[in-house]
Amino acid sequence: MPLVTLTGREEIARGTMAFHFSRPADFDFRAGQAIDLTLIDPPETDEEGNTRAFSVVCAPFENQLMVATRMRDTAFKRVLKSLPLGTAVKLEGPSGSFVLHRKAEKPAVFLAGGIGITPFSSIIRQATHDNAPHQLYLFYSNRRPEDTAFLDVLNETAKNNPRFHFIPTMTKMENSAQEWHGETGHIDRDLLVKSLSSLQGPIYYMAGPPAMVTAMRWMLVKAGVDEDDIRSEEFSGY
Ligand SMILES: Cc1cc2nc3c(=O)[nH]c(=O)nc-3n(C[C@H](O)[C@H](O)[C@H](O)COP(=O)(O)OP(=O)(O)OC[C@H]3O[C@@H](n4cnc5c(N)ncnc54)[C@H](O)[C@@H]3O)c2cc1C
């Protein structure tokens, strides 16, 4: 198993951190894929063990590996948060086939709730870098702007990439101290039809905690989307 070293970490939203690791020269992955990270001899552990899967947040063209996670109070996350920079962890992968489809005439519609943004961040970064011809729609739901990872960078990308359409929505603005002039409420059929010329035609991608993925799939099927056009990545463990 190759080793990678922690090169940096920062808070990217309330209770959410990004972790940066060195990227081995021979480590290839496709945008949207996940890796397994294993802590080596951590000072504490729990019944889930020392390994977690994370979607890679950065893109294959970048010279690093970045992951992001909601910081709950578990042994793995406590240790990760306090690891000295330069510490080695084990890397396995990449795994999964949650990658952008090839037929560029079909738009891609990404549905992300909270930390489910991670694989889409990678796909959007790489598609923008490659000037990919696909139309990309990202519907991204969070409680408040304070909780929304990568909000600024995604807004910036939408300004620079005319094929990337960004629709963030907030579900708990009553608890926010920030101003918000965008969409509010959960991602539902009405929000989709405001931006998409037709619900039939795009390939839909959903990622996040299993309950959220199940709810989104049900919403799409009820709205008449063909199940063959729906792809999902469940962050089992949440
Ligand atoms: C292919 C794949 C890709 C993945 N990609 C990612 C990724 O990019 N980012 C990522 O974060 N995870 C990702 N995951 C999930 C990840 O591997 C972990 O399982 C997940 O982060 C949960 O971590 P944890 O086990 O430390 O428990 P956590 O769920 O972080 O914490 C569990 C504890 O928190 C408590 N808790 C549960 N919900 C809440 C809440 N809402 N508020 C406060 N406390 C709560 C629980 O009671 C429990 O004690 C992925 C999983 C897979 C399979």
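The values are calculated or read from the model by the stated rules, or taken from the named source; none is laboratory data. All of these numbers come straight from a predicted model, not from anything done at the bench. Neighbour counts run over all protein chains shown; Cβ positions are idealised from the backbone, glycine included. Keep in mind that these areas ignore ligands, DNA and RNA; they rest on the heavy atoms of the full protein, side chains included. Shrake-Rupley method; radii C 1.70, N 1.55, O 1.52, S 1.80 Å.
F27 meets each of the listed conditions (1) out of contact with any Pro (no Cβ under 7 Å at 6 or more places or on another chain); (2) touching a residue at least 12 places away in the same chain (Cβ under 8 Å) apart from (1).
Here R231 meets the list (1) assigned to a helix (DSSP H, G or I); (2) touching a residue at least 60 places away in the same chain (Cβ under 8 Å); (3) of a type in the set (D, E, K, R) almost entirely, failing just condition (1).
Take the residues of the range 182-228 that are under 29 Å from T69 (Cβ atoms) and in a loop (DSSP other than H, G, I, E, B): which is nearest to the chain's Cα centre (by Cα)? The selected residue is P209. Scanning the range 183-215 for residues that are of a type in the set (A, V, I, L, M, F, W, C), more than 30 Å from E47 (Cα to Cα) and open to solvent by less than 40 Å² (accessible area, probe 1.4 Å) turns up I187, L191, L192, L196, L199, I203.
Residues that are among the basic types (K, R) and open to solvent by less than 90 Å² (accessible area, probe 1.4 Å) occur in the range 172-182; there is at least one.
Within the range 47-79, being more than 8 Å from the ligand (Cβ to nearest atom) and exposed (fewer than 13 other Cβ atoms within 10 Å of the Cβ) holds for E47, G49, F61, N63.
Exactly one residue out of R163, R143 is without any contact (Cβ under 8 Å) to a residue 40 or more places away in the chain and within 14 Å of the ligand (Cβ to nearest atom): that is R143.
Within the range 95-136, the set of residues being of a type in the set (S, T, Y), open to solvent by 20 Å² or more (accessible area, probe 1.4 Å) and not in a loop (DSSP other than H, G, I, E, B) comprises S95, T128.
Can you find a residue that is over 23 Å from G96 (Cβ atoms) and either open to solvent by 30 Å² or more (accessible area, probe 1.4 Å) or at pLDDT 95 or above (or both) anywhere in the range 221-236? Within the range 221-236, one or more residues are over 23 Å from G96 (Cβ atoms) and either open to solvent by 30 Å² or more (accessible area, probe 1.4 Å) or at pLDDT 95 or above (or both). Apart from one condition, G237 fits all of (1) more than 19 Å from G15 (Cα to Cα); (2) within 14 Å of the ligand (Cβ to nearest atom); (3) touching a residue at least 60 places away in the same chain (Cβ under 8 Å); the exception is (1).
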